[in-house]
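Some notes on the structure that comes next.
The values are calculated or read from the model by the stated rules, or taken from the named source; none is laboratory data. Keep in mind that what you see is a predicted model, and the values were worked out from it rather than measured. Virtual Cβ from ideal backbone geometry, glycine too; neighbours counted across all protein chains shown.
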Amino acid sequence: MKMKINLKPFLKKWYGKITAVIVGLALILFVGMMAMPSFFEWYTGVKNAPLTYNSSKKLTDEQFEETARKITYNERLEKAEEITKDEKNDFTRSVKIQMLMNTPSFMRDTKFKHIEYFRKAGIKQYKGPETCLECHKTMKVHEADGSIKKVNTLSDVINSVHFEFQRMAPGFSTYGFNGKQVNAKGRPIPVGKIDRACGIPGSFSWTGWAVLVKTYPNGKDKPAVMRSEGCGQCHIGGSYDPATEKMMPGGVIPAETKEGIDCLICHSQNYDMNYKYVIKDKVGYRWNQDRTMEAAMSVTIPTNKNCLNCHQHNMGGDVYQYNVAAKSLGYKNQRIIHGGSKRGNPFSSEDDVHAAAGLQCLDCHVPEGHKIPRGVKGTDLVANDLPNRKVDCENCHTSAPHTKNKLEDVILNGHVNRIACETCHIPSLQSSSVVLRDWVHPTWDKEDGMYVPTDILRSGKPDVGITYLWFNGNGTFLANAMGNNPNHTDKYNPLMNQLVTLNDPEALKEVKQNIMSDFGMTSQQADNYMKTFTNTLSQLSPKMIEKRKEVIKTFIVKLENMGQSKIYPFKLFNAYMYEDMSNQGPFGAMILPFDYPTYYETGNSLASMKKAIENPIVKRMYQFPFKEYMMDDFMHYFGVSTWSDVYPIDSKGNLRNIEPHWMRQYGTLMINHGIKKDGLSCENCHSPNGILDFAKLGYSPQRVKDLTHLKDLKYFTSNKK
Amino acid sequence: MKFLITALSLFILVSVKPAAKQNSLSTKDENQNCLRCHSMATLSYRDTTTGIIKSLAVSPKEFYNSNHKDLACIDCHSKDFQTFPHNAKLKNENLYCLNCHKDEPKFKQFHFQSIEKEFKQSVHYKKLGNKFTCFDCHDPHSFEIHARVSKDIKETVLYDNMICLNCHENNSKIKYLSGVILPSLTTSHSWLPHMDLHWKSVRCIDCHTSPNAPGVSHIILPKDKAVKNCVECHSRNSLLLQTLYKFESKQSRNKEGFLNAVILNNSYVIGATRNYYLNLLSFIIFGLTLIALSVHGILRTIAKKRKLK
C-alpha cells in the first residue's frame, strides 16, 4: 500500500507557511553547522585530525608496580633514612631501610596519590584528557569572592588563556593609539599571543607553530640534523595549529583538538621534556607530548617545575644556566635553543629570592580553577584570565616592606609610593637579554649549523637593557609603558624621548664593533645603519612625525595621566624586520613574519618572509571578511585609520610595498622576577650620573638638582660603610 | 553711600589678602624642609611589637586643606625636629589638642572643654584609658570640621565614618589597642535592615553616642547602649535632628523660612530639610484631589437633578 501525502493544502494555510519557514531555516542551520568545520579548515588552512602519541603505552601489572616504585623511590628513601638515623651499624641500617621502603604502607603513603587511584581503577595506560576526565569531569573552583563554583573541567581548560592564546572580550590593560582601551567598548576582536606579531620570535603563531628545520652542525656537505622549532612548544594543545577556532564567534573546538590537550606538562612531576619535539604525520607537523604512565602517575597540582617547563624560556631564556627544561631538548629532532633571551629575569633559586625561599608560582599567581592571574598591570597585548586579580609585591610585603626599622628603612619605605619594588630589586638582567635583533641580516651559527637572526646588542645593564619609566599599569598597542610624573606636566614624553633613542656610549661602541664584524660593513656604512635605531624617528617622514605628535597630544597624554604612576624598570627591545608599508602609521607599520625553515636553512630573509605571508591565514587577513571582522579595528588601535587590503605579493608573485625597518619606538617589557634581596643603593640614583634621568622623567630643573644633590645623602652612605 | 561701603570693603579685601598670603607662603617654606621627607606618602615603619604599619607621612594636599593649614610644623612639634637625623628623645614628644584649644575665645563654639569631659565618659577612654588619645581618631594633619560647613550630608557621613572605620575595619589595629578581636561590622550589624543604606546615610556616631552634648557628641557609648530602636530616628521627633542634622537644620530653617521649618518640620520623612518641593508637590496633589472630588460631587448632584426632571 502506498500512502500519498499531499502537502499543498497544508502549505497554503498560514501555519503551514510558518512551519515551512522554520523547517527550512533549521535545515540550512544544520547543513551549515555540519559543513562549518570543513569550510573553516579550507578557508584558514588550519588542520585538524585525530592525534596519536607513541609515548602512550599500556603497562603490564608488573611494569606498573615497577614504575610506582621508581617514581616514589626518593621519597621512600628519605623517609626510611630519617626513621633509621639512630642506627649505628651501617649494614643493619641499610637492611632496615630496605625493609621499610618495601612495606605496603610506605608504598601507599606517597605524595603521588594517583598511583593508588590508578591501581584501584585499573588504569594502565594514559590516553590523554579522556583518562583525566574519567574522574575529573567537573571540578570545584574557588572564586575571588570566596564562593565555590562547580565547573566542567574541560571547558574550564579550553576557555583559559593557556589554551586560547587570545581573548575576544574586555580585560586588556592595553590602549590603542586611537585612545581606546582594547575591547573595552564596541564589538570586541580576538587579540592576544595568537595574532600578535612580535619582533623577538620574528614570526607569529600560524606561521611558526610547529616546524622541522634542517641544520648542518657538521658542515654543509654532511647530512642534515633535524631540529624542532615553533610557538606550539609552549602551548597545551597538541594540534597542527593554534586554537584558531576560538577566534570565531561561537568558537567550537573540534573533539580531536580537545583530545590533544597536554594535561601532564602542567601537572606531572615527572614530565619528560625530551618528548617535546616536532613530529610529522600524514596531516602535517605538530608537537609531541609525554603521555607515559610514569608521567601520569606523578600528577599533583602544578609546581614551579611545571610552570618553568615553558616560562623559563621567556624569563631566564633558553641559554640560562639553570633553565632545567632547556637541558632536555628532545629524544629526536631536538628543539632549537634561542641565543638571546626575551626578559633575562630568571625565576630560579639561584637568581630569585622568592624561588630560593621555596615559594611556588601559584603562591602569588593564585589560580581560580584553570584560570591563572598575571596581575592587573601589563604593557603587552596578552590576554589575561583574571584581569582584576592583583599579583603585586604589596599583597604580601605591605606598603612598608623594609622592616629593619633603621632610619634608612623608613626612608626606603617612603620611596614605595613612587618607586616600584622591581626598580631597585632587579638591579640587572641576564647579559643574554636581547635589545637589538636584526632579522633582515642573518648570521651563520657554526655550532648549530644554521642561519640565525643577528643580535647586535645584548645587555642586562641599567640604561642599556633596562629603562626606567613612569607606569600606571597600562601599555600602548605596541607595548610601550604608559604613565606620567605625578606632577602631570608635559615634560615627560617617552614616545618622543626615552623610547626613540639609544645613546649609551659604551653600548654603541660595542654595537658598532658587532656590526662591522658580523655584516662586514665599513665604519661609514655602520654609522648610517646605526642612525636608524639610535634615533628611530629618523625612519619617519616629517609629516608622520607631526602626526605622531598630534596623536600623543590628543589621545596618549590623557591616558598617561590616569591612575597612580610609579617608576618601573622595563626591558628595552627593538627589531629590524620587513614591514608592510601600505599599513604604516606614525607608530609603526605591520611587521611581517618569517618562515623558520627557509630562514634557518638559507639565510634568505626576504624569501623566508615571502614564504610566511603566503600562508592562507595571512592572505585572508587582506581579504573580505577578515578585514572587516578584525583587521580594521586592529589598525584603529595601531593608530591607522583603516587596514589596507593591498596584499604584499602582487598577481605576478612579486613583493610590493615592503621595506625593512626598526620599530619606531623601543618596546618595553615588564620585568618582575629575578628579584634580589639587596637592591640598588641611594647613590645609584641620587647622583648627577645616576641611573635615573630625572629630567627626562619629567622633573623640573630645580627638582632635578635637589634629587641629584641630596643634602642628607651623606648620612646614609657614610653609615653604610 | 552704597558705593562707599563697596569701595571700603573692596579696599579691605585687597589690603588683607596679600598679607595673609605672604604669611602662609613663609609657613609653607618653613614646612617644606620637613615635607621633603614627610610628604612621601608611604614614609612608615612596622611597629616591632605589633607589626602594625605606623605612618610618618603628612599629605601636603590634605594638610593645606585642613583646619590647621596656617600652622608651621614646629608650631606644634618641637623645634629640635629641624635637625636631621632627629634626636631619639623626640620620639616621646607628647602633644595634646587642648594645649592650644583650651582658652582661645575663637574656639569657644567648638566646646573643647566639654569634649574633653565627654571623651572621659566614652567607651574608648573607659576601656583603654590613656592608651587612646584624640589622635587615634583625629589626624591633626588632615582634620577638617565637616558637619558644620558641609553642604552635602553624604560627604559628612563618609568623612566621619571613615574615622571610625580606620580602626573598626582593621582588626589588627583593634587587637593592638584592646587585645580583643571584635566581630566584623557586618556581623554585629546584621540585625539592621538595609545595612549598606544606613551606613551611607547616617554616621556611626548618630547611634553610638549620647546626644546630650553642646557640640558634636564625644560620648561614645558601649554597644548595648547604642540606638537600636528604629522609631528613635524614624519618627516625628527624630533623634537625627539633634545629631546628624543639627547644623544643617539650623541653616535650612534660616534659608527655607518659616513655612518649611515650623509647619512642615514634624511631618513625614526624616531629614531636616524635608525637601521643599516634595512638600509643595504633596500640597498641590492634596489640593487637586480635593478640587476634583468636589467638582465630581457637584457634577453628580447636577446630573441627578436633571435625570429626575
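The helices (runs of 4 or more DSSP H) located wholly in the stretch A:78-196 that include 1 or more residues which are closer than 30 Å to A:ILE591 by Cβ occupy A:153-158, A:161-164.
Among the residues of the stretch A:409-428, which ones are of a type in the set (Asp, Glu) and at the interface with chain B (Cβ under 10 Å from one of its Cβ atoms)?
Within the stretch A:409-428, just A:ASP409 meets the criteria.
The single condition among (1) under 20 Å from the mean Cα position of the chain (by Cα); (2) within 13 Å of A:ASN672 (Cα to Cα) that A:LEU386 does not satisfy is (2). Just to be sure before I move on: is A:ARG656 farther than 20 Å from A:LEU499 by Cβ and either within 14 Å of chain B (Cβ to nearest Cβ) or among the aromatic types (Phe, Trp, Tyr) (or both) in the structure I sent? No.
B:GLY179 meets the stated requirement of being modelled with pLDDT under 85 and exposed (fewer than 12 other Cβ atoms within 10 Å of the Cβ).
Among the residues of the stretch A:133-159, those that are under 14 Å from A:ASP385 (Cα atoms) and of a type in the set (D, E, K, R) comprise A:GLU143, A:ASP156. A:GLU659 falls short on exactly one of the conditions (1) of a type in the set (D, E, K, R); (2) buried (at least 17 other Cβ atoms within 10 Å of the Cβ); (3) within 30 Å of A:PRO453 (Cα to Cα), and that condition is (2).
The set of residues in the stretch A:109-134 being among the acidic types (Asp, Glu) and either surrounded by 15 or more Cβ atoms within 10 Å (Cβ to Cβ) or without any contact (Cβ under 8 Å) to a residue 12 or more places away in the chain (or both) consists of A:ASP109, A:GLU116. Candidates are the residues of the stretch A:366-408 that are in contact with a Ser or Thr (Cβ under 7 Å, 6 or more places away or on another chain) and within 14 Å of another protein chain (Cβ to nearest Cβ); the one that is modelled with the lowest pLDDT is A:ASN405.
Residues checked against (1) assigned to a loop (DSSP other than H, G, I, E, B); (2) within 14 Å of chain B (Cβ to nearest Cβ):
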| position | (1), (2) |
| --- | --- |
| A:THR668 | no, no |
| A:ALA695 | yes, no |
| A:ASP706 | no, yes |
| A:THR717 | no, yes |
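In the stretch A:510-533, is there at least one residue being surrounded by 16 or more Cβ atoms within 10 Å (Cβ to Cβ), in the same structural domain as A:GLY375 (by TED's automatic domain parsing), touching a Phe, Trp or Tyr at 6+ places or on another chain (Cβ under 7 Å) and free of Cβ contacts under 8 Å to residues at least 40 places away in the same chain? Within the stretch A:510-533, one or more residues are surrounded by 16 or more Cβ atoms within 10 Å (Cβ to Cβ), in the same structural domain as A:GLY375 (by TED's automatic domain parsing), touching a Phe, Trp or Tyr at 6+ places or on another chain (Cβ under 7 Å) and free of Cβ contacts under 8 Å to residues at least 40 places away in the same chain. Per the conditions (1) touching a residue at least 40 places away in the same chain (Cβ under 8 Å); (2) within 19 Å of the chain's Cα centre (by Cα), the sole criterion not satisfied by A:VAL391 is (1). Looking at the structure I just gave you, is A:LEU495 out of contact with any Cys (no Cβ under 8 Å at 6 or more places or on another chain), in a helix (DSSP H, G or I) and within 28 Å of A:SER700 (Cα to Cα)? No, not satisfied. Taken over the stretch B:50-72, the criterion of being of a type in the set (Ser, Thr, Tyr) and away from chain A (no Cβ under 11 Å) is satisfied by B:THR50, B:TYR64, B:SER66. Looking only at the stretch B:97-113, decide whether some residue is within 14 Å of chain A (Cβ to nearest Cβ), in a loop (DSSP other than H, G, I, E, B) and without any contact (Cβ under 8 Å) to a residue 60 or more places away in the chain. No, because not a single residue in the stretch B:97-113 is within 14 Å of chain A (Cβ to nearest Cβ), in a loop (DSSP other than H, G, I, E, B) and without any contact (Cβ under 8 Å) to a residue 60 or more places away in the chain. I'd like to check something: does the stretch A:632-652 contain any residue that is assigned to a loop (DSSP other than H, G, I, E, B) and closer than 20 Å to A:TYR285 by Cβ? Checking the stretch A:632-652: not a single residue is assigned to a loop (DSSP other than H, G, I, E, B) and closer than 20 Å to A:TYR285 by Cβ.
Only one of A:GLN623, A:GLN584 is polar (S, T, N, Q), outside any helix (DSSP H, G or I) and surrounded by fewer than 17 Cβ atoms within 10 Å (Cβ to Cβ); which?
A:GLN623
Against the criterion of being assigned to a loop (DSSP other than H, G, I, E, B) and crowded, with 18+ Cβ neighbours inside 10 Å, A:PRO373 qualifies.
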